[in-house]
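The next block holds one structure in the form of structure tokens; read it before the comments.
The values are calculated or read from the model by the stated rules, or taken from the named source; none is laboratory data. Owing to the predicted nature of the structure, the values given are computational and were not obtained by experimental measurement. All Cβ positions, glycine included, derive from the backbone under ideal geometry; neighbour counts span all protein chains shown. These accessible areas exclude ligands, DNA and RNA; they are computed on the full protein's heavy atoms, side chains included. Shrake-Rupley method; radii C 1.70, N 1.55, O 1.52, S 1.80 Å.
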Amino acid sequence: MMQRRDFIKGSLLLSAAALFNPELYRHRLLAFEEAIEITYDQAVEAFSAGKKSVDGSALITLDIPTRPGSAVTIPVEINVKSPMNDEDYISAIAILTTKNKVNKAVTVDLSPANGMAYLFANIKLGETQEVVVLAKTNKGVIYKASKKIHVALSGCE
Amino acid sequence: MAKRRAVIKIIDKKYAIGDVVKVQVIIIHPMETGFAKDKHSGALKPRFYVKKIEIYYNDKPVTSFELDVSASQNPKIKFPLKITEAGTLKVRFINSENEVTEKTTKVKPK
């Protein structure tokens with residue numbers, strides 16, 4: 001009798017170990033871990049490192065369709081007025097969203113070798129929201145401009 | 001390591017030394033967010049996207065882009081560049097699995 005009991009205990013332990021073996025769920029765990037959400041505040045903090053942004057709607061020209069046909073590819077065109085010489089230039093531009101799960105789309109590093117502060121990129125939006133553009137000068141001043149984009153169908157599955 | 005289709009091209013047709021031109025780069029690449037489910041199996045599709053784009057003008061780094069999953073799939077980007085000399089323009093795409101795709105184009109100012 002004792003032998004049979006030991007055998008049952010042992011087999012139960014083994015099957016429990018197999019059930020909780022993380023190797024079997026590795027692909028699931030990886031998929032969960034890799035999907036990192038970035039809130040809007042985190043995205044702003046990562047770009048500006050604690051500095052407050054200044055209203056730059058006079059300097060930054062945004063060209064985004066207000067009601068795009070498809071939310072999967074929304075063209076965003078940015079022009080920033082800047083002399084782009086060695087003393088005064090735009091060093092970085094970021095396109096951020098406000099209500100996506102990951103609120104960071106594209107960041108570019110510029111230098112006087114570019115000759116112009118311009119960026120074109122395609123982004124996707126999950127719902128109707130504001131698109132925020134931040135432009136950083138070499139002196140650390142951050143200009144902000146935004147535009148509300150109306151989306152009929154979500155661009156994220 | 002699948003071979004990916006990508007392109008780098010100078011949009012302006014005629015330019016001289018000192019001009020500012022616009023350059024366009026495109027790569028055919030999915031942008032999986034990691035939140036979407038597969039329609040057939042129901043499992044989450046792992047995150048897979050273009051992480052970084054680097055531009056080299058005569059092997060000197062000029063501009064770099066950092067992308068995240070909110071960029072659209074098959075990312076298309078245009079940026080300005082001041083032409084200083086003839087030579088080559090190279091783009092390096094790096095995706096989330098550190099796979100590198102490189103393309104070059106010639107700079108011929110007239």
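Data table
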item: Dipole moment magnitude, nearest 20 debye, segment B:5-107 about Cα centre, only Lys, Arg, Asp, Glu C-beta charged; result: 340
item: Selection from B:GLY34, B:ILE55, B:ALA86 lying farthest towards where the dipole of segment B:5-107 points positive, charges on Cβ; result: B:ALA86
item: Charge tally in the Cβ shell below 15 Å around A:PRO65, where Lys, Arg are +1 and Asp, Glu are -1, A:PRO65 excluded; result: +1
item: Interface residues in segment B:28-48 - accessible area drops by 40 Å² or more relative to the isolated chain, probe 1.4 Å; result: B:PHE35, B:LEU44, B:ARG47
item: Among A:LEU110, A:VAL131, A:THR66 - extreme Cα towards positive end, dipole of the protein assembly as shown, charges at beta-carbon; result: A:THR66
item: Nonlocal amide H pairs with B:ASN95, under 5 Å, H built at 1.01 Å; result: B:LYS51
item: Span from the segment B:19-57 Cα centroid across to the segment A:44-121 one, whole angstrom; result: 19
item: Karplus-derived HN-Hα couplings along segment A:116-133 (A = 6.51, B = -1.76, C = 1.60, θ = phi - 60°), whole Hz, x at Gly and Pro; result: 6, 9, 8, 8, 10, 8, 9, 10, 10, 10, x, 7, 4, 6, 8, 9, 10, 10
item: 5 angstrom amide H check on A:ILE149, placed H, neighbours 5+ away; result: A:GLN129, A:GLU130, A:VAL131
item: Amide H within-cut-off set for A:SER91, under 5 Å, with H built and near neighbours excluded; result: A:LYS136, A:THR137, A:ASN138
item: Solvent-accessible area per residue for chain B (1.4 angstrom probe, square angstrom); result: 53
item: Pair B:LYS51, A:VAL54: separation of 7 Å Cα→Cβ label points (nm); result: 3.5
item: Formal net charge of residues neighbouring A:GLY56 (Cβ-Cβ distance under 11 Å; K, R +1; D, E -1); result: +2
item: 3J(HN,Hα) from dihedral phi, segment B:13-23, Karplus parametrisation 6.51/-1.76/1.60, rounded to Hz, x for glycine, proline; result: 7, 10, 8, 10, 5, x, 6, 9, 10, 9, 10
item: Environment charge of A:VAL141, counting only residues whose C-beta is closer than 12 Å and scoring Lys/Arg +1, Asp/Glu -1; result: +3
item: Interface burial for B against A (accessible surface, 1.4 Å probe, total of both chains, Å², rounded to 100); result: 2900
item: Per-residue HN-Hα couplings for segment A:68-85 [Karplus 6.51, -1.76, 1.60; θ = phi - 60°; Hz; x = Gly/Pro]; result: x, x, 10, 8, 6, 10, 10, x, 10, 10, 10, 10, 10, 6, 7, x, 6, 10
item: Pairs of Cα atoms farther than 20 Å apart, chain B, %; result: 45
item: Two-decimal ratio, the protein assembly as shown, of alpha-carbon radius of gyration to 2.2 N^0.38 Å; result: 1.27
item: At R0 = 25 Å, FRET efficiency that the Cβ-Cβ distance of A:LEU13 and B:ALA43 yields, to 0.05; result: 0.25
item: Simple label model, 7 Å out from Cα along Cβ direction - A:HIS150 to A:GLU87, nm; result: 4.6
